Amino acid sequence: MKLHITVLPGDGVGPEVTREALRVLRTVLDLHGCDASFEEHLIGGAAIRQFGAPLPEATAHACIESRAVLLGAVGGPEFDSLPAGQRPESGLLALRQALGGYANLRPAIAYRAIADCSPLRPEIIKGADVLIVRELLGGIYFAEPRGFESGSRPGAYNTMRYSEVEIERVTHVAFQQAQKRHRKVTSVDKANVLETSQLWRKTVTRVGCDYPEVKLEHMYVDSCAMRLITHPGSFDVILTENLFGDILSDEAAAISGSLGMLASATIGGKVDLYEPVHGSAPDIAGRGIANPLGAIASAAMLLRHSAGLEQGARDIEDAIREVLDAGHRTADLSSQHPNSGRAGDPGQRGRARRVVSTAEMGALVESAVADVTDRRRAYHAV
Ligand code: NAD
(Lines give C-alpha, C1' and ligand atoms only; values in the text may rest on other atoms or scores of the structure.)
Protein backbone atom coordinates (compact mmCIF):
# COMPACT_ATOMS: atom_id res chain seq x y z
CA MET A 1 0.00 0.00 0.00
CA LYS A 2 1.26 3.46 -0.89
CA LEU A 3 2.32 5.57 2.08
CA HIS A 4 0.98 9.09 1.69
CA ILE A 5 2.63 11.66 3.94
CA THR A 6 1.69 15.31 4.42
CA VAL A 7 4.70 17.48 5.21
CA LEU A 8 4.22 20.72 7.16
CA PRO A 9 7.58 22.50 7.48
CA GLY A 10 6.06 25.48 9.34
CA ASP A 11 8.14 28.41 10.56
CA GLY A 12 11.63 29.37 11.73
CA VAL A 13 13.92 26.34 11.86
CA GLY A 14 10.94 24.11 11.00
CA PRO A 15 11.66 24.03 7.24
CA GLU A 16 15.42 23.63 7.89
CA VAL A 17 15.09 20.53 10.08
CA THR A 18 12.16 19.06 8.10
CA ARG A 19 14.25 19.16 4.90
CA GLU A 20 16.86 16.94 6.57
CA ALA A 21 14.25 14.60 8.09
CA LEU A 22 12.68 14.18 4.65
CA ARG A 23 16.04 13.49 3.03
CA VAL A 24 16.69 10.62 5.48
CA LEU A 25 13.09 9.38 5.32
CA ARG A 26 13.11 9.18 1.51
CA THR A 27 16.41 7.30 1.54
CA VAL A 28 15.17 4.70 4.02
CA LEU A 29 11.86 4.25 2.21
CA ASP A 30 13.83 3.70 -1.03
CA LEU A 31 16.15 1.22 0.65
CA HIS A 32 13.10 -0.76 1.80
CA GLY A 33 11.37 -0.53 -1.58
CA CYS A 34 8.44 1.28 0.00
CA ASP A 35 6.20 3.28 -2.30
CA ALA A 36 5.57 6.70 -0.74
CA SER A 37 4.28 10.09 -1.81
CA PHE A 38 4.76 13.44 -0.12
CA GLU A 39 2.61 16.55 -0.25
CA GLU A 40 3.81 19.79 1.31
CA HIS A 41 1.43 22.35 2.87
CA LEU A 42 1.59 25.54 4.90
CA ILE A 43 0.83 25.82 8.59
CA GLY A 44 1.43 28.42 11.29
CA GLY A 45 2.97 31.78 10.46
CA ALA A 46 3.78 30.76 6.88
CA ALA A 47 0.06 30.01 6.34
CA ILE A 48 -1.00 33.27 8.00
CA ARG A 49 1.25 35.21 5.60
CA GLN A 50 -0.17 33.51 2.52
CA PHE A 51 -3.78 32.70 3.47
CA GLY A 52 -4.49 34.75 6.59
CA ALA A 53 -5.17 31.65 8.71
CA PRO A 54 -2.80 29.37 10.69
CA LEU A 55 -4.52 26.16 9.56
CA PRO A 56 -5.92 26.69 6.05
CA GLU A 57 -8.68 24.36 4.88
CA ALA A 58 -6.40 22.82 2.22
CA THR A 59 -3.79 21.93 4.86
CA ALA A 60 -6.31 20.37 7.25
CA HIS A 61 -7.90 18.41 4.39
CA ALA A 62 -4.55 17.10 3.11
CA CYS A 63 -3.56 15.98 6.63
CA ILE A 64 -6.82 14.10 7.21
CA GLU A 65 -6.43 12.35 3.85
CA SER A 66 -2.88 11.13 4.55
CA ARG A 67 -1.41 8.21 6.48
CA ALA A 68 0.86 10.42 8.56
CA VAL A 69 1.85 14.05 9.05
CA LEU A 70 5.45 15.20 9.49
CA LEU A 71 5.65 18.66 11.03
CA GLY A 72 8.56 21.04 11.69
CA ALA A 73 7.56 23.79 14.11
CA VAL A 74 5.33 26.85 14.18
CA GLY A 75 5.52 30.33 15.68
CA GLY A 76 7.57 33.47 15.54
CA PRO A 77 7.89 36.87 17.20
CA GLU A 78 6.12 38.72 14.37
CA PHE A 79 2.88 36.95 15.31
CA ASP A 80 3.12 37.40 19.08
CA SER A 81 0.79 40.42 19.08
CA LEU A 82 -2.07 38.54 17.37
CA PRO A 83 -5.05 37.40 19.49
CA ALA A 84 -4.51 33.86 20.85
CA GLY A 85 -6.92 32.16 18.43
CA GLN A 86 -5.18 33.65 15.36
CA ARG A 87 -1.58 32.89 16.27
CA PRO A 88 0.48 30.19 14.51
CA GLU A 89 0.31 27.91 17.56
CA SER A 90 -3.50 27.83 17.38
CA GLY A 91 -3.17 26.20 13.94
CA LEU A 92 -1.13 23.38 15.46
CA LEU A 93 -3.56 22.93 18.35
CA ALA A 94 -6.47 22.76 15.89
CA LEU A 95 -4.57 20.22 13.76
CA ARG A 96 -3.82 18.02 16.78
CA GLN A 97 -7.49 18.05 17.69
CA ALA A 98 -8.59 17.26 14.13
CA LEU A 99 -6.19 14.31 13.91
CA GLY A 100 -7.44 13.01 17.25
CA GLY A 101 -4.28 11.32 18.56
CA TYR A 102 -4.67 10.42 22.24
CA ALA A 103 -1.25 8.89 22.92
CA ASN A 104 1.80 11.14 22.86
CA LEU A 105 5.08 9.24 22.70
CA ARG A 106 8.28 10.98 23.69
CA PRO A 107 11.54 9.05 23.86
CA ALA A 108 14.40 10.40 25.98
CA ILE A 109 17.66 8.71 25.12
CA ALA A 110 21.09 9.26 26.65
CA TYR A 111 23.44 9.13 23.66
CA ARG A 112 26.86 8.05 24.94
CA ALA A 113 28.72 10.47 22.68
CA ILE A 114 26.94 13.59 23.97
CA ALA A 115 26.61 12.59 27.61
CA ASP A 116 28.51 15.73 28.54
CA CYS A 117 25.68 17.91 27.13
CA SER A 118 23.28 16.73 29.82
CA PRO A 119 23.04 18.68 33.06
CA LEU A 120 22.99 15.27 34.76
CA ARG A 121 26.25 13.44 35.46
CA PRO A 122 27.29 10.99 32.69
CA GLU A 123 27.37 8.06 35.12
CA ILE A 124 23.74 8.79 36.10
CA ILE A 125 22.33 8.92 32.57
CA LYS A 126 24.49 6.11 31.19
CA GLY A 127 22.31 3.68 29.20
CA ALA A 128 19.06 5.57 29.86
CA ASP A 129 16.43 5.02 27.17
CA VAL A 130 12.96 6.02 28.35
CA LEU A 131 9.74 6.20 26.38
CA ILE A 132 7.08 8.41 27.95
CA VAL A 133 3.53 7.58 26.86
CA ARG A 134 1.33 10.51 27.84
CA GLU A 135 -2.47 10.56 27.59
CA LEU A 136 -3.18 13.62 25.49
CA LEU A 137 -6.90 14.29 25.17
CA GLY A 138 -8.25 13.92 28.70
CA GLY A 139 -7.63 15.02 32.27
CA ILE A 140 -7.46 18.45 33.79
CA TYR A 141 -6.57 20.28 30.55
CA PHE A 142 -9.94 19.49 29.00
CA ALA A 143 -12.54 18.47 31.58
CA GLU A 144 -15.44 20.71 32.57
CA PRO A 145 -16.39 22.55 34.68
CA ARG A 146 -13.55 25.06 34.68
CA GLY A 147 -13.43 28.79 35.18
CA PHE A 148 -13.00 31.76 37.44
CA GLU A 149 -15.15 32.69 40.42
CA SER A 150 -15.79 36.30 41.26
CA GLY A 151 -17.48 37.73 44.32
CA SER A 152 -16.13 38.35 47.78
CA ARG A 153 -13.68 35.41 47.60
CA PRO A 154 -12.42 35.34 43.97
CA GLY A 155 -10.95 32.06 42.83
CA ALA A 156 -10.48 29.68 39.92
CA TYR A 157 -11.04 25.97 39.38
CA ASN A 158 -10.38 23.10 36.98
CA THR A 159 -11.64 19.55 36.92
CA MET A 160 -9.56 16.43 36.57
CA ARG A 161 -11.68 13.70 35.03
CA TYR A 162 -10.93 10.41 33.29
CA SER A 163 -13.19 7.71 31.93
CA GLU A 164 -12.13 4.07 31.97
CA VAL A 165 -12.17 4.03 28.17
CA GLU A 166 -9.70 6.92 27.98
CA ILE A 167 -7.35 5.11 30.36
CA GLU A 168 -7.73 1.72 28.70
CA ARG A 169 -6.82 2.86 25.17
CA VAL A 170 -3.62 4.67 26.14
CA THR A 171 -2.66 1.79 28.46
CA HIS A 172 -2.81 -0.62 25.52
CA VAL A 173 -0.45 1.69 23.59
CA ALA A 174 2.04 1.71 26.48
CA PHE A 175 2.01 -2.08 26.92
CA GLN A 176 2.34 -2.67 23.18
CA GLN A 177 5.37 -0.37 23.11
CA ALA A 178 6.87 -2.15 26.11
CA GLN A 179 6.43 -5.51 24.34
CA LYS A 180 8.80 -4.26 21.64
CA ARG A 181 11.27 -2.77 24.12
CA HIS A 182 12.41 -4.01 27.52
CA ARG A 183 8.98 -5.23 28.67
CA LYS A 184 8.45 -2.93 31.62
CA VAL A 185 5.74 -0.32 32.19
CA THR A 186 5.89 2.19 35.04
CA SER A 187 2.42 3.67 35.48
CA VAL A 188 2.59 7.05 37.18
CA ASP A 189 -0.26 8.50 39.24
CA LYS A 190 -1.11 10.15 42.55
CA ALA A 191 -3.41 7.40 43.80
CA ASN A 192 -2.77 8.30 47.45
CA VAL A 193 -4.67 11.59 46.90
CA LEU A 194 -6.71 11.60 43.66
CA GLU A 195 -9.77 9.53 42.72
CA THR A 196 -8.85 9.82 39.02
CA SER A 197 -5.51 8.24 39.89
CA GLN A 198 -7.23 5.41 41.80
CA LEU A 199 -9.29 4.65 38.71
CA TRP A 200 -6.12 5.00 36.61
CA ARG A 201 -4.23 2.45 38.76
CA LYS A 202 -7.14 -0.02 38.82
CA THR A 203 -7.67 0.22 35.05
CA VAL A 204 -3.97 -0.03 34.16
CA THR A 205 -3.64 -3.08 36.42
CA ARG A 206 -6.62 -4.74 34.72
CA VAL A 207 -5.41 -3.98 31.18
CA GLY A 208 -1.91 -5.09 32.17
CA CYS A 209 -3.24 -8.62 32.75
CA ASP A 210 -3.56 -8.89 28.94
CA TYR A 211 0.23 -8.51 28.72
CA PRO A 212 1.63 -11.06 31.20
CA GLU A 213 5.14 -10.84 29.70
CA VAL A 214 5.34 -7.11 30.56
CA LYS A 215 6.27 -6.18 34.11
CA LEU A 216 4.03 -3.47 35.57
CA GLU A 217 5.00 -1.18 38.42
CA HIS A 218 3.05 1.75 39.86
CA MET A 219 4.78 4.89 41.06
CA TYR A 220 3.57 8.16 42.54
CA VAL A 221 4.33 11.15 40.34
CA ASP A 222 6.50 12.88 42.95
CA SER A 223 8.58 9.77 43.39
CA CYS A 224 8.87 9.37 39.61
CA ALA A 225 10.04 12.98 39.19
CA MET A 226 12.85 12.25 41.63
CA ARG A 227 13.76 8.87 40.18
CA LEU A 228 13.93 10.24 36.62
CA ILE A 229 16.92 12.36 37.54
CA THR A 230 18.54 9.98 40.01
CA HIS A 231 18.05 6.63 38.18
CA PRO A 232 16.78 7.33 34.63
CA GLY A 233 18.19 4.00 33.47
CA SER A 234 15.69 2.14 35.67
CA PHE A 235 12.76 3.05 33.36
CA ASP A 236 11.59 1.51 30.11
CA VAL A 237 8.07 2.82 29.31
CA ILE A 238 6.47 5.44 31.57
CA LEU A 239 2.69 5.62 31.21
CA THR A 240 0.91 8.61 32.66
CA GLU A 241 -1.99 11.02 32.35
CA ASN A 242 -1.96 14.38 30.58
CA LEU A 243 -0.78 16.85 33.24
CA PHE A 244 1.82 14.54 34.83
CA GLY A 245 3.07 13.56 31.36
CA ASP A 246 3.48 17.17 30.31
CA ILE A 247 5.79 17.82 33.23
CA LEU A 248 7.66 14.50 33.33
CA SER A 249 8.40 14.49 29.58
CA ASP A 250 10.08 17.89 29.82
CA GLU A 251 12.04 16.74 32.84
CA ALA A 252 13.13 13.57 31.02
CA ALA A 253 14.46 15.77 28.20
CA ALA A 254 17.42 16.59 30.45
CA ILE A 255 18.67 13.07 29.77
CA SER A 256 19.24 13.81 26.08
CA GLY A 257 21.14 17.03 26.58
CA SER A 258 19.57 19.29 23.93
CA LEU A 259 16.07 20.26 22.89
CA GLY A 260 17.17 19.70 19.30
CA MET A 261 17.59 15.97 19.95
CA LEU A 262 14.01 15.25 21.00
CA ALA A 263 11.41 13.51 18.84
CA SER A 264 7.72 12.88 19.33
CA ALA A 265 4.78 10.98 17.89
CA THR A 266 1.10 11.44 18.55
CA ILE A 267 -0.80 8.31 17.64
CA GLY A 268 -4.15 6.58 18.10
CA GLY A 269 -6.33 9.04 16.18
CA LYS A 270 -7.39 9.21 12.54
CA VAL A 271 -3.92 10.24 11.37
CA ASP A 272 -0.63 10.07 13.26
CA LEU A 273 1.46 13.19 13.77
CA TYR A 274 5.26 13.31 14.03
CA GLU A 275 7.20 16.39 15.13
CA PRO A 276 10.37 17.33 16.95
CA VAL A 277 9.69 18.59 20.46
CA HIS A 278 11.38 21.98 19.93
CA GLY A 279 9.72 25.15 18.64
CA SER A 280 10.61 27.39 15.70
CA ALA A 281 13.78 28.70 17.44
CA PRO A 282 13.61 32.20 15.90
CA ASP A 283 16.92 33.11 17.55
CA ILE A 284 18.82 30.71 15.25
CA ALA A 285 16.44 30.43 12.26
CA GLY A 286 17.94 30.99 8.80
CA ARG A 287 21.52 30.43 9.94
CA GLY A 288 21.73 26.76 9.03
CA ILE A 289 22.85 25.75 12.50
CA ALA A 290 19.71 24.08 13.92
CA ASN A 291 20.03 20.50 15.09
CA PRO A 292 17.92 18.31 12.76
CA LEU A 293 18.32 15.10 14.81
CA GLY A 294 15.01 15.52 16.70
CA ALA A 295 13.20 15.90 13.37
CA ILE A 296 15.12 12.95 11.88
CA ALA A 297 14.31 10.81 14.94
CA SER A 298 10.64 11.83 14.50
CA ALA A 299 10.82 10.49 10.93
CA ALA A 300 12.16 7.23 12.41
CA MET A 301 9.09 7.12 14.66
CA LEU A 302 6.91 7.60 11.57
CA LEU A 303 8.50 4.54 9.98
CA ARG A 304 7.90 2.54 13.15
CA HIS A 305 4.31 3.54 13.90
CA SER A 306 2.78 4.49 10.54
CA ALA A 307 4.76 2.52 7.95
CA GLY A 308 5.35 -0.75 9.82
CA LEU A 309 9.09 -0.38 9.09
CA GLU A 310 10.58 -1.13 12.50
CA GLN A 311 13.93 -2.06 10.95
CA GLY A 312 14.05 1.22 9.00
CA ALA A 313 13.40 3.11 12.24
CA ARG A 314 16.18 1.23 14.03
CA ASP A 315 18.58 1.86 11.16
CA ILE A 316 17.99 5.63 11.47
CA GLU A 317 18.46 5.48 15.24
CA ASP A 318 21.72 3.52 14.79
CA ALA A 319 22.85 6.01 12.14
CA ILE A 320 22.25 8.94 14.52
CA ARG A 321 24.31 7.15 17.16
CA GLU A 322 27.15 6.47 14.69
CA VAL A 323 27.29 10.07 13.45
CA LEU A 324 27.50 11.35 17.03
CA ASP A 325 30.06 8.68 17.95
CA ALA A 326 32.18 9.87 15.02
CA GLY A 327 32.35 13.31 16.65
CA HIS A 328 29.95 15.33 14.50
CA ARG A 329 28.01 17.99 16.41
CA THR A 330 25.60 20.77 15.56
CA ALA A 331 26.25 24.01 17.42
CA ASP A 332 23.84 23.24 20.28
CA LEU A 333 25.83 20.10 21.10
CA SER A 334 29.24 21.68 20.83
CA SER A 335 29.09 24.80 22.96
CA GLN A 336 30.70 24.75 26.32
CA HIS A 337 28.41 23.11 28.80
CA PRO A 338 28.85 23.00 32.57
CA ASN A 339 29.44 19.26 32.21
CA SER A 340 32.16 19.69 29.55
CA GLY A 341 35.46 18.58 30.92
CA ARG A 342 33.86 15.98 33.14
CA ALA A 343 35.13 12.49 32.69
CA GLY A 344 32.21 11.42 30.47
CA ASP A 345 32.39 8.18 28.57
CA PRO A 346 35.94 6.83 28.40
CA GLY A 347 35.33 5.68 24.81
CA GLN A 348 34.71 9.29 23.79
CA ARG A 349 37.75 10.85 25.45
CA GLY A 350 40.20 12.42 23.01
CA ARG A 351 37.83 11.97 20.07
CA ALA A 352 37.92 14.90 17.65
CA ARG A 353 34.70 16.86 17.41
CA ARG A 354 33.60 18.68 14.30
CA VAL A 355 30.86 21.31 14.26
CA VAL A 356 28.56 20.79 11.28
CA SER A 357 25.63 22.66 9.78
CA THR A 358 22.02 21.47 9.72
CA ALA A 359 22.39 20.26 6.13
CA GLU A 360 25.74 18.54 6.79
CA MET A 361 24.24 16.71 9.75
CA GLY A 362 21.33 15.55 7.56
CA ALA A 363 23.73 14.35 4.86
CA LEU A 364 25.88 12.52 7.43
CA VAL A 365 22.86 10.66 8.82
CA GLU A 366 21.64 9.86 5.31
CA SER A 367 25.01 8.39 4.39
CA ALA A 368 25.30 6.53 7.74
CA VAL A 369 21.84 5.02 7.37
CA ALA A 370 22.78 3.61 3.96
CA ASP A 371 25.96 2.11 5.50
CA VAL A 372 24.06 0.69 8.49
CA THR A 373 21.50 -0.92 6.16
CA ASP A 374 24.21 -2.36 3.86
CA ARG A 375 26.16 -3.79 6.80
CA ARG A 376 23.05 -5.33 8.31
CA ARG A 377 22.02 -6.89 5.01
CA ALA A 378 25.53 -8.22 4.36
CA TYR A 379 25.61 -9.73 7.88
CA HIS A 380 22.30 -11.52 7.35
CA ALA A 381 23.32 -12.68 3.88
CA VAL A 382 26.28 -14.76 5.18
P1 NAD B 1 12.14 26.86 21.03
O2 NAD B 1 12.04 25.40 21.22
O3 NAD B 1 11.85 27.37 19.68
O4 NAD B 1 13.61 27.36 21.44
C5 NAD B 1 14.14 27.24 22.76
C6 NAD B 1 15.68 27.25 22.69
O7 NAD B 1 16.14 26.03 22.11
C8 NAD B 1 16.24 28.35 21.81
O9 NAD B 1 17.43 28.82 22.37
C10 NAD B 1 16.52 27.67 20.49
O11 NAD B 1 17.58 28.26 19.75
C12 NAD B 1 16.90 26.27 20.94
N13 NAD B 1 16.51 25.28 19.92
C14 NAD B 1 15.26 24.89 19.61
N15 NAD B 1 15.29 23.99 18.63
C16 NAD B 1 16.58 23.81 18.30
C17 NAD B 1 17.26 23.02 17.35
N18 NAD B 1 16.62 22.19 16.51
N19 NAD B 1 18.61 23.07 17.29
C20 NAD B 1 19.30 23.87 18.11
N21 NAD B 1 18.72 24.65 19.06
C22 NAD B 1 17.37 24.63 19.14
O23 NAD B 1 11.17 27.52 22.10
P24 NAD B 1 10.75 29.05 22.29
O25 NAD B 1 11.95 29.92 22.04
O26 NAD B 1 10.10 29.09 23.61
O27 NAD B 1 9.66 29.33 21.19
C28 NAD B 1 9.93 29.91 19.91
C29 NAD B 1 8.66 29.86 19.10
O30 NAD B 1 8.31 28.49 18.84
C31 NAD B 1 7.45 30.47 19.79
O32 NAD B 1 6.68 31.16 18.84
C33 NAD B 1 6.69 29.27 20.35
O34 NAD B 1 5.33 29.53 20.50
C35 NAD B 1 6.96 28.26 19.27
N36 NAD B 1 6.88 26.86 19.71
C37 NAD B 1 6.38 25.98 18.81
C38 NAD B 1 6.34 24.64 19.13
C39 NAD B 1 5.84 23.68 18.09
O40 NAD B 1 5.71 24.04 16.94
N41 NAD B 1 5.57 22.43 18.45
C42 NAD B 1 6.82 24.18 20.35
C43 NAD B 1 7.38 25.10 21.24
C44 NAD B 1 7.40 26.45 20.90
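The values are calculated or read from the model by the stated rules, or taken from the named source; none is laboratory data. From a predicted model like this one, the values you see are computed outputs, not experimental measurements. Cβ atoms come from the backbone with ideal geometry, glycine included; neighbour counts cover every protein chain shown. Remember, those area values only see protein heavy atoms, side chains included, never the ligands or the DNA or RNA. Shrake-Rupley method; radii C 1.70, N 1.55, O 1.52, S 1.80 Å.
Do the conditions hold for Arg349, that is, is it open to solvent by 30 Å² or more (accessible area, probe 1.4 Å) and either at pLDDT below 95 or within 16 Å of the ligand (Cβ to nearest atom) (or both)? So Arg349 passes the test. Exactly one residue among Ala313, Ala326, Ala300 is open to solvent by 30 Å² or more (accessible area, probe 1.4 Å) and either more than 30 Å from Glu78 (Cβ to Cβ) or in contact with a Leu (Cβ under 7 Å, 6 or more places away or on another chain) (or both), and that residue is Ala326. Taken over the range 69-86, residues that are out of contact with any Phe, Trp or Tyr (no Cβ under 9 Å at 6 or more places or on another chain) and either outside any helix (DSSP H, G or I) or touching a residue at least 24 places away in the same chain (Cβ under 8 Å) (or both) amount to 12. Reported count of residues in the range 55-81, each being open to solvent by 10 Å² or more (accessible area, probe 1.4 Å), of a type outside the set (A, V, I, L, M) and within 14 Å of the ligand (Cβ to nearest atom), is 6. With respect to the conditions (1) within 16 Å of the ligand (Cβ to nearest atom); (2) touching a Gly at 6+ places or on another chain (Cβ under 8 Å); (3) closer than 16 Å to Asp246 by Cα; (4) part of a helix (DSSP H, G or I), Glu89 falls short on a single one, namely (3).
Test of understanding: among Val214, Val188, Val173, which residue is surrounded by 20 or more Cβ atoms within 10 Å (Cβ to Cβ) and touching a Lys or Arg at 6+ places or on another chain (Cβ under 6 Å)?
Result of the check over Val214, Val188, Val173: Val214.
Residue check: is Pro15 open to solvent by less than 70 Å² (accessible area, probe 1.4 Å), in a helix (DSSP H, G or I) and either within 14 Å of the ligand (Cβ to nearest atom) or closer than 23 Å to Ile132 by Cβ (or both)? Criteria met by Pro15.
Could you check the range 279-335 for helices (runs of 4 or more DSSP H) lying wholly inside it with 1 or more residues that are within 11 Å of the ligand (Cβ to nearest atom)?
Filter on the range 279-335 gives 293-306, 331-334.
Within the range 138-196, the set of residues being outside any loop (DSSP other than H, G, I, E, B), in contact (Cβ under 8 Å) with a residue 12 or more places away in the chain and of a type in the set (D, E, K, R) comprises Glu164, Glu166, Glu168, Arg169, Lys184, Asp189. Among all residues of the range 226-242, there is none that is buried (at least 19 other Cβ atoms within 10 Å of the Cβ) and within 16 Å of the ligand (Cβ to nearest atom). Listed conditions (1) out of contact with any Asp or Glu (no Cβ under 9 Å at 6 or more places or on another chain); (2) assigned to a loop (DSSP other than H, G, I, E, B); (3) more than 28 Å from Glu251 (Cα to Cα) are all met by Ser66, apart from (1). If you go through the range 256-278 and pick out every residue that is away from the ligand (no atom under 16 Å from the Cβ) and either outside any loop (DSSP other than H, G, I, E, B) or surrounded by 24 or more Cβ atoms within 10 Å (Cβ to Cβ) (or both), you end up with 1. One residue stands out among those in the range 18-35 that are under 21 Å from the mean Cα position of the chain (by Cα) and surrounded by fewer than 24 Cβ atoms within 10 Å (Cβ to Cβ): the one that is farthest from Pro77 (Cα to Cα), which is Leu29. Here Gly127 fulfils each of the conditions (1) open to solvent by 80 Å² or more (accessible area, probe 1.4 Å); (2) on the phi > 0 side of the Ramachandran plot apart from (1). Of the residues making up the range 307-316, those that are without any contact (Cβ under 8 Å) to a residue 60 or more places away in the chain and of a type outside the set (A, V, I, L, M) are Gly308, Arg314.
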